[in-house]
Structure formats: C-alpha cells, structure tokens
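Please treat every number below as a calculation from the coordinates, not as lab data. Note that the coordinates shown come from a computational prediction; the quantities given were computed from them, not determined experimentally. All Cβ positions, even for glycine, are placed from backbone atoms using ideal geometry, and neighbour counts span all protein chains on display.
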Amino acid sequence: MTQTQARQQWMSLLAKAPPADLARLWAAFGDAPAYSFLRAPEAGGVMVQGRAGATGAPFNLGEMTVTRCSIKLETGEIGHAYVQGRDKDHATRAAQIDAMMQGAQAEALRAAVLDPLQEKMQAIRATRSAKAAATRVEFFTMVRGED
C-alpha cells in the first residue's frame, strides 16, 4: 500500500468516525503538539452524486453539509479534514491526527486512536449486515411439469 492510499484510508476513517469516540480516544492519547490554522473550521455544502445501479450515469442526489479544516503543526506537518455535519471540533481533531500521522508519532497514534476506531467501525458494519441478513428473503422458482 502506498503512502497516499494509507492516508486516504485514515482520513476516511476519521471523517466517518463517531465524534464522541474520536474525542475520547484523542483525549486518552495525550497532549498534542501546538498547531496553527491554515483554514479555520468552516461549514459549507457539497453536492452529492449518485449512480443508478453503481454503473449508470451520475446524477445529483442532493446537498450535504460538511465542515473542513486545515492545520499546520509547529513541526511543519500539514493536516486536512472534511467531516459530515457542522462539528468544528471533530474537523479540528481529524486534521490534527492527519498531520500527526505524517510525523514521528504515527505508529503510537495508529495504535491508540486509529486501530480502536477501525475495530468499532467494523463491529458497527457487522451488526448492520447481520440485521439486514435477518430480513433477507430467498426466492425460488418451481419447475412446472410442462416444458
């Protein structure tokens, strides 16, 4: 996996993480280095596109509110974040973690914050899949005697 792919994965995880879980794990990690805002957290709207059957032509599904933030650590790393909703603290935390994952504390941060978040998100997906599987209907066709 390339560095770009790894960064895409952790940024996706941070964006989708429940804000309360991220805040709890971040607080338990310890003190973060000083940072300055390159772009203070701000809420805005983005157009969400969909595709019929995942293969059809794209169409505009509607708008969604997102909050974006960009920071620069005192050590020089730059972090960015886009999160759904208007939670400025969530966007700031995600940007801080993105920046720190590019530095010397990456492995400790992965073990303390990202891995537990990944496990929780997988458990949520498994629970959701189990609920959906319980409602699945099996259809079959009986063969009739005449051809």
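Is there any pair with a first residue in region 77-91 that is of a type in the set (A, V, I, L, M, F, W, C) and a second that is surrounded by fewer than 19 Cβ atoms within 10 Å (Cβ to Cβ) whose Cβ atoms are under 6 Å apart and which are 6 or more apart or on different chains, and what are they?
As it stands, the answer is Ile78/Lys72; Val83/Ala15, since those pairs meet every condition given.
Residue-by-condition table, conditions (1) over 27 Å from Arg125 (Cβ atoms); (2) in a helix (DSSP H, G or I):
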| residue | (1), (2) |
| --- | --- |
| Met1 | no, no |
| Leu14 | no, yes |
| Cys69 | no, no |
| Ala104 | yes, no |
| Ala108 | no, yes |
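I'd like to check something: does region 88-100 contain any residue that is of a type outside the set (S, T, N, Q) and part of a loop (DSSP other than H, G, I, E, B)?
No, every residue in region 88-100 fails to be of a type outside the set (S, T, N, Q) and part of a loop (DSSP other than H, G, I, E, B).
Against the conditions (1) part of a helix (DSSP H, G or I); (2) closer than 26 Å to Gln3 by Cβ; (3) under 15 Å from the mean Cα position of the chain (by Cα), where does Gly79 fall short? Just the number, please.
Exception for Gly79: condition (1).
When region 62-77 is examined, which residues are found to be of a type in the set (A, V, I, L, M, F, W, C) and in contact with a helix residue (DSSP H, G or I) (Cβ under 7 Å, 6 or more places away or on another chain)?
Cys69, Ile71, Leu73
Mind listing whichever residues of region 22-62 are surrounded by 11 or more Cβ atoms within 10 Å (Cβ to Cβ), free of Cβ contacts under 8 Å to residues at least 12 places away in the same chain and in a strand (DSSP E or B)?
Matches in region 22-62: Gly50, Arg51.
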